[in-house]
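Each value in this text was obtained by applying a stated rule to the coordinates, not by laboratory testing. As the structure is a computational prediction, the values presented were derived from the model and not from experiment. So basically every Cβ, Gly included, is an ideal-geometry build from the backbone, and we count neighbours across all protein chains shown.
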Amino acid sequence: MRRPVALLAGCGLLAACSSMTLRSPTASANLGPTKGNQAAGNVIFIQHGEKVVVDARITGLTPGLHGFHVHEKGDCTAPDAMSAGAHFNPHKAPHAGPDSPQRHAGDLGNLTADANGVAVYHVEVSGITLGTGPDSIIGRSVIVHANPDDLRTQPSGNAGPRIACGLISKGKDQWF
């Protein structure tokens, strides 16, 4: 008699778990170098409630800080990635860092490349979504710049040339 009870309890637990929200919308961008550069990598975006978690791993950088932004257009076709347009800024806010309450939606701050030119980045930001509204970053681009973003110079933080670009595409839901 114990075996059927345990089986029923296991089925009940499985049914309860399957009705829980175990998936979150995701998106990703594969970054390629602009002309004359070597920076490349991957960025993953995960919607987590009202915020988006941004995880990146970029290689081929010079050691130190590099500006990192979501840009308004999903177009990396120009050799210098200028086709990606300006920072994503749907609310016409001033440029600032990712922790500032008033900032471009696309302001993600700086990547820090180690002595081997590798940057690993993790941040949770508000002001962007992976949905369909005006704050959505789907179909836009991610840019890595040659220089640090000073987080205050308008309109772009004085971050210099664009050294890597990637289109943000909606991904499949992932299990956690």
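With Cα atoms as the point set, segment 22-171 shows a radius of gyration and Dmax of 13.8, 42 Å.
What is the total of Lys pairs in segment 49-176 with C-alpha atoms under 20 Å apart, excluding same-chain pairs fewer than 8 positions apart? Don't skip to the answer; put the middle values down first.
On the way: LYS51/LYS92; LYS51/LYS170; LYS51/LYS172; LYS73/LYS92; LYS73/LYS170.
Summing the qualifying lysine pairs gives 5.
Modelled label positions at ALA115 and ASN158, each set 7 Å beyond Cα in the direction of Cβ, lie 2.9 nm from each other.
At an R0 of 35 angstrom, the distance between the Cβ atoms of ASP135 and ASP80 translates into a FRET efficiency of 0.80.
Between ALA93 and ASP55, what's the calculated FRET efficiency when r is the beta-carbon distance and R0 is 30 Å? Round to 0.05. With R0 = 30 Å, the Cβ-Cβ based efficiency is 0.80.
With a 10 Å Cβ neighbour count serving as the proxy for reagent exposure, in which order, fewest first, do VAL120, VAL144 appear? The fewest-first ordering by Cβ neighbours comes to VAL120, VAL144.
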